[in-house]
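Let me begin by presenting the structure, written as structure tokens, before commenting on it.
The values are calculated or read from the model by the stated rules, or taken from the named source; none is laboratory data. Given the structure is predicted, the values throughout are model-derived calculations rather than measurements. Note that each Cβ is placed from the backbone with ideal geometry, even for glycine, and that neighbours are counted across all protein chains shown.
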Amino acid sequence: MIKFIASNKRFSIFNLLALGGYVGVYTFLNTPSLPGLLRCVGFLLIQIIVMGFLGAHEKFLGDANSKAQWGSFLGHLPQARKIVKNQETMVDVSSLVIGDVVKVLPGEIVPCDGVILSGATSIEASQITREDTTQLMMKGDLVCAGTLNRDGTISVQVEKTEADFFTSQVKARYGEALDKIKSKESLGWKRWLFLFLFFIPWVGFEIAWFSLDQAVLFTSSLLVLGSFIFLSSYRQKMRAKAVAELFSKGIIVSHPSKIKTLGEVDTLFFDKTGTLTRGEFHFSNVFLEKGVNQGSFLSMIFSLEASSSHPIAQGVKTHPWYFEIQRYSVKDFKSHHGLGICGEVYEKGGANRFVVVGNQRFLKRFQFYISRSMREKIEELEAMGETVVLCGWDKQAKGIMSFSDTLKEDARDLFGALHKLKISSVMITGDQDNMITNLTYAKGLDQVYTRCLPEEKIKKIKNRQDAGEVVGMVGYVLDGNNVFAQADVSVVVHFPLAQSLKNATQDFIILGKSLLKLSTMVGFVRMLRTLERRRSLGLTFLGLGCVVSQFLHWGDPIIYLAILSLFQFDFFRRVNKATHTFQK
């Protein structure tokens, strides 16, 4: 306890002032007597207890700093086996430049962000995502620094410098969050200045109205209460702890001020693709209009999707002929969120064609003709739960390609956990009605909005906000930023490790594939919020009791201070319990 007091002067200075002022004045102005000395000793013990608990409080909140060691670990990467003219040379990671090739053996940490040139292996990203999962990687796949190479030997071409590694970006984002908290923490000294300026005339009033002994005791009691109640840095420290705990679970907090909002959320809107579903599309069917050559149709889709970053572009690669069909260059490529893609495809030896790939609404926007038989086929496939894209040129839809996308295993568990927290789950998607209503996971949702473009999603969120609800938006990294910006709090799930964090403006970024991190995060923040409210209410009543006792003689204020210290100790115990529950 003495160590706590010595190492936490900024928390105990006001208690020391109150203690010194009271004991000093009492000693010089009163004849020492046994009751008087016992009173002084009792007050001294209370002050020591208060300072001891404040020291424990600082240690409790200091756990946030220890969590930063995980961030330091992310930035600590091993040396790399750089390959130069078929010779291996051990070099520092910081010396790697774009284009270098490094060799990674089984059991080693991948030292850089890059693309696999040769070999295949299983990659484990648990040190970053905090999930014990592996993923098969082979030639052409992107790997991230800090992940573990489990099985085979691979050669990796460096794609970024160390400053731009994903782990470096994560560490920087964590540091930025703590800096934002510290900048607000400094405002606490202004409150203390106001408190002292208030006490100067107040002490004068007390000396004139009461005896000097009573005035000093009254003032010292208020100072002790102030050290609890007006400790403005406390809330910021709690935010720092929450940021650190979430960070240790693979959740990045971009805006710490939104932690409070997350705890107050009433409704969560979910996008479908990549959020509730795996976002891993697999080729299913092709349906062509009469007279359309299948090779030409596939060439148009493959060429255009090669410029897209949407998950469907990855699904196209699962077509058995993907590596056999010729692809052409594309110019004036444009992506329309929630609708599709388009661009000029330049065939070798032929004229360029304006090709459109997307849903029915997108093709109708360009006044493309869609036959009745094709519309019926689309309805049939969507009723089976498949995602359908149309491809057309020359003002006509030439064919469709469908993909299957599976629901994440923990989606329904997530809805159940959110219901227990009394949070409404709403899915909002651009898909058709019949594609959603037949899916089993729709039954776990409170409401489903279909056929919604980004501007319509914004309108739905705003309607809930106008009704007085706190609304959160949960989506995939490729979803429109305008939709995220409209919500009171925004969350990105399944953030890809190969993606840059620099353009991620969402409030919370969840690494890994587990959806249950979301409900766990909300539950943890809400529990801290509830405990903080109880603490504020309890301290207010105890503080009022201590002050009023001076006027009405309802017991000795030392009793109230003792109860207040025990109340604070119980609060620390409950928050620690909540933290341990979250960690499990």
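So the values come out like this:
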{"quantity": "Count of residues meeting criterion [closer than 19 Å to GLY315 by Cβ and in contact with a strand residue (DSSP E or B) (Cβ under 6 Å, 6 or more places away or on another chain)] in segment 399-415", "calculated": "8"}
{"quantity": "Qualifying residue in segment 126-143 (condition: outside any strand (DSSP E or B) and within 16 Å of ALA80 (Cα to Cα))", "calculated": "no"}
{"quantity": "Selected residue (criterion: farthest from THR277 (Cα to Cα)) from residues of segment 408-423 that are surrounded by 17 or more Cβ atoms within 10 Å (Cβ to Cβ) and hydrophobic (A, V, I, L, M, F, W, C)", "calculated": "ILE423"}
{"quantity": "Unmet criterion (only one of (1) more than 23 Å from SER309 (Cα to Cα); (2) surrounded by 14 or more Cβ atoms within 10 Å (Cβ to Cβ)) for THR167", "calculated": "(1)"}
{"quantity": "Flag for HIS310 being under 25 Å from the mean Cα position of the chain (by Cα) and farther than 30 Å from ALA240 by Cβ", "calculated": "yes"}
{"quantity": "Selection status of VAL292, at pLDDT 90 or above, among the aliphatic types (A, V, I, L, M) and closer than 23 Å to ASP431 by Cα", "calculated": "no"}
{"quantity": "Residue count for segment 331-367, restricted to those that are over 36 Å from the mean Cα position of the chain (by Cα) and surrounded by fewer than 20 Cβ atoms within 10 Å (Cβ to Cβ)", "calculated": "15"}
{"quantity": "Cβ pairs under 7 Å, 6+ apart, first in segment 411-424 and free of Cβ contacts under 8 Å to residues at least 40 places away in the same chain, second aromatic (Phe, Trp, Tyr) and part of a helix (DSSP H, G or I)", "calculated": "ARG412/TYR441"}
{"quantity": "Residue identified as assigned to a strand (DSSP E or B) and either more than 25 Å from PHE484 (Cα to Cα) or touching a residue at least 12 places away in the same chain (Cβ under 8 Å) (or both) among GLY343, GLY338, GLY315", "calculated": "GLY343"}
{"quantity": "Conditions (1) in contact with a strand residue (DSSP E or B) (Cβ under 9 Å, 6 or more places away or on another chain); (2) not in a strand (DSSP E or B); number of the one not met by CYS391", "calculated": "(2)"}
{"quantity": "Hits in segment 380-407 (condition: charged (D, E, K, R) and either within 21 Å of LYS272 (Cα to Cα) or without any contact (Cβ under 8 Å) to a residue 24 or more places away in the chain (or both))", "calculated": "GLU380, GLU382, GLU386, ASP405"}
{"quantity": "Tally, over segment 77-102, of residues that are in a strand (DSSP E or B), among the charged types (D, E, K, R) and surrounded by fewer than 17 Cβ atoms within 10 Å (Cβ to Cβ)", "calculated": "1"}
{"quantity": "Residue check for SER299: out of contact with any Gly (no Cβ under 8 Å at 6 or more places or on another chain), of a type outside the set (Val, Ile, Thr) and closer than 29 Å to SER404 by Cα", "calculated": "yes"}
{"quantity": "Subset of segment 348-370 that is at pLDDT 90 or above and part of a strand (DSSP E or B) - its residue that is farthest from CYS452 (Cα to Cα)", "calculated": "ARG353"}
